[in-house]
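The values are calculated or read from the model by the stated rules, or taken from the named source; none is laboratory data. Quick caveat, the model's predicted, so the values are computed rather than measured. Note that each Cβ is placed from the backbone with ideal geometry, even for glycine, and that neighbours are counted across all protein chains shown.
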Amino acid sequence: MFPLKDNIPTDRTPWVTIALILANVVVFFLQLRGGGSLLEGPTTQAVIDWGVIPYEITNPGDECAISGTNLVCGGEQGDQPPTWATAFSSMFMHGGILHIGGNMLFLWFFGNNVEDAMGRVRFVAFYLLGGIAAIALQTAIDLNATVPSIGASGAVAGVLGGYLLLYPRAKVLTLVFLFVFFAFIQLPALLFLVIWFAQQALFGVADLTNPTGGGGGVAYFAHIGGFAFGLLAIKLFANRQKHDYVQPKYPVY
């Protein structure tokens, strides 16, 4: 499912949402200058250097780096970025054009209204803290995991959780793919986001029960952690919420 439009106009230009999207796009293409490809994203070296690795978080002072063809963790491993820095840099890296395209679509669609409800400064803090919460839960699932994580999806998931509580009755024009067919369907935001969260939870549990079953390298528990943060923290950040958003402002197909 892909969101296309909702029925909530914004009162203010969402400059922070726009800036975050631009920052992600710029970082993506700057990373490609050092190698990698549009489809697969930056090089393995760049991902290990600037992605967030749970082992480095739970073992302060120990680092992970490539030695030959292997990933070696423990002690100092050359000139590696500080672990705290990778917690933020990882949020602006993506594993290919489809990865960044999907994340930025969701960020634009849901972020503009959440930013409108809390203002620019609060939205920056909310977004980054959502990303940190995502990393925290993904790390808690496997404290010594050495697989680096990259992507804005954890922070974006925080935005989704906030949107769910702010505008559960909003109408979302959704593109739904059914095998080789597709359809445009109007869904309540509550249903759209509950379905999305249920997918993340089911895939996350499947990864736990069958960790070699090919989860596609997706950090599902990061999505869950970010979403949970959005649900729990939105009332602390949002200070202006629309209440006249029930009627759709676009044609229904």
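Rundown of residues vs (1) among the aromatic types (Phe, Trp, Tyr); (2) surrounded by 17 or more Cβ atoms within 10 Å (Cβ to Cβ); (3) outside any helix (DSSP H, G or I); (4) over 15 Å from the mean Cα position of the chain (by Cα), yes/no style:
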{"residue": "ARG169", "(1), (2), (3), (4)": "no, no, yes, yes"}
{"residue": "LEU187", "(1), (2), (3), (4)": "no, yes, yes, yes"}
{"residue": "LEU193", "(1), (2), (3), (4)": "no, yes, no, no"}
{"residue": "GLY230", "(1), (2), (3), (4)": "no, yes, no, no"}
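For GLN77, the conditions (1) in contact with a strand residue (DSSP E or B) (Cβ under 6 Å, 6 or more places away or on another chain); (2) touching a residue at least 40 places away in the same chain (Cβ under 8 Å); (3) not small (Gly, Ala, Ser) are fulfilled apart from (2). All conditions but one from (1) assigned to a helix (DSSP H, G or I); (2) surrounded by fewer than 21 Cβ atoms within 10 Å (Cβ to Cβ) apply to TYR127; the one that does not is (2).
Screening THR174 against (1) in contact with a Pro (Cβ under 7 Å, 6 or more places away or on another chain); (2) assigned to a helix (DSSP H, G or I) leaves a single unmet condition, (2).
Is it the case that some residue within the range 69-92 is modelled with pLDDT of 95 or more and in contact with a His (Cβ under 7 Å, 6 or more places away or on another chain)? No; the residues of the range 69-92 include none that is modelled with pLDDT of 95 or more and in contact with a His (Cβ under 7 Å, 6 or more places away or on another chain). If you go through the range 97-139 and pick out every residue that is without any contact (Cβ under 8 Å) to a residue 12 or more places away in the chain and among the aliphatic types (A, V, I, L, M), you end up with 1. Among the numbered conditions (1) of a type in the set (D, E, K, R); (2) surrounded by fewer than 14 Cβ atoms within 10 Å (Cβ to Cβ); (3) farther than 26 Å from GLU115 by Cβ, the only one that ASP11 does not meet is (3). Close contacts from the range 26-45, counting a first residue that is among the charged types (D, E, K, R) and a second that is modelled with pLDDT of 90 or more and surrounded by fewer than 19 Cβ atoms within 10 Å (Cβ to Cβ), with Cβ to Cβ under 7 Å and a gap of 6+ residues or different chains, come to GLU40/GLY96. Looking at the structure I just gave you, is GLU115 in a loop (DSSP other than H, G, I, E, B) and either surrounded by 14 or more Cβ atoms within 10 Å (Cβ to Cβ) or not β-branched (Val, Ile, Thr) (or both)? Against the criterion (in a loop (DSSP other than H, G, I, E, B) and either surrounded by 14 or more Cβ atoms within 10 Å (Cβ to Cβ) or not β-branched (Val, Ile, Thr) (or both)), GLU115 does not qualify. On inspection, ALA145 passes the criterion of being touching a helix residue (DSSP H, G or I) at 6+ places or on another chain (Cβ under 6 Å) and surrounded by fewer than 22 Cβ atoms within 10 Å (Cβ to Cβ).
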